[in-house]
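Okay, structure first, notes after.
The numbers here are math on the coordinates, done by the rules we state, and not lab data. As the structure is a prediction and not an experimental result, all values here were calculated from the model. Every residue, glycine among them, receives a Cβ derived from its backbone with ideal geometry; neighbour counts consider all protein chains shown.
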Amino acid sequence: MSLGTQTISMAQSVYVGLGVSSDSSTVLATAVFDNVSVNFASAPGPVITNVSADTGSIGSQVIITGSGFGASAGASAVMLNNSPMTINSWSDTSIVVTVPPGATSGVLSVSVAPSMNNSNIVNFIVTSQLLPGGWLNRDIGLVGLNGGATFSNGAFTVTGAGQWAYSTVDSFHFVYQPWSGDGAMMARVVSTSGIVNNGSAGVMIRETMDPASVNAKTAD
């Protein structure tokens, strides 16, 4: 549910929380809330600014960067579809987790103890097959549908929505690895399906994961 913005005059000190009503004095209503976050100017809540990949298979590692996570994990947690991920390392600005056995696709968030205040959420897809070592993948920009990637028999299969814009803002699924210095990349597009209008598939080099990043690309 989305509500419009309204300005209401209140005292400096107020109460914030969760309310439920059944609209009846004889019926008890129940509501379930998750990913509850309270953010005060004096005590900012945790914020996820980047995730190294938004898809991964069981056993793959994911790096979460942001702020307000706390110096150590303690009783804090990283939750994926309401189940905890395995924590490898934790700092106030960076968390490394592993996708645990039994994990399922859903929203990912950081929950900081002792109040278990939650960060913003990021969609994460648990895939069935690991990409080769060093390769990561994620959606770039506003894609509409979550993409993904698998590797089998020497070939990458990549699914992606979005418009792969050629103007100032991109939206597509990106399979990538960090790169520094001079080099070259080649790939053959074996086949495509579902590409319409100005959609395309090809090789890309981009400076950052920002949708408006400087980049160079080929297209099929």
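Quick notes
- Entry note, the range 68-220: relative contact order of 14 percent, from Cα contacts under 8 Å with a spacing of 6+ residues.
- Extension gain, Ser25 to Asn215, is 62.3 nm, computed as 0.36 nm per intervening residue step minus the present C-alpha separation.
- Separation between Cα centres of the range 8-22 and the range 167-220, rounded to whole Å: 47 Å
- Read-out percent of Cα pairs over 30 Å apart, derived from the coordinates shown; its label in (1) 32; (2) 20; (3) 37: (3)
- Residues of the chain were split at every exposed loop site, defined as chymotrypsin sites (Phe, Trp or Tyr not before Pro) in a DSSP loop with at most 16 other C-beta atoms within 10 angstrom, and the longest piece left, sites excluded, is 41-134.
- When you restrict to C-alpha pairs under 8 Å that are six or more residues apart and normalise by the size of the range 38-106, the relative contact order lands at 31 percent.
- For Ile8 and Asp34, the FRET efficiency from 1/(1 + (r/R0)^6), where r spans their Cβ atoms and R0 equals 30 Å, is about 0.70.
- Relative to its Kirkwood radius, the Cα radius of gyration of the range 1-128 gives an Rg/Rh of 1.05.
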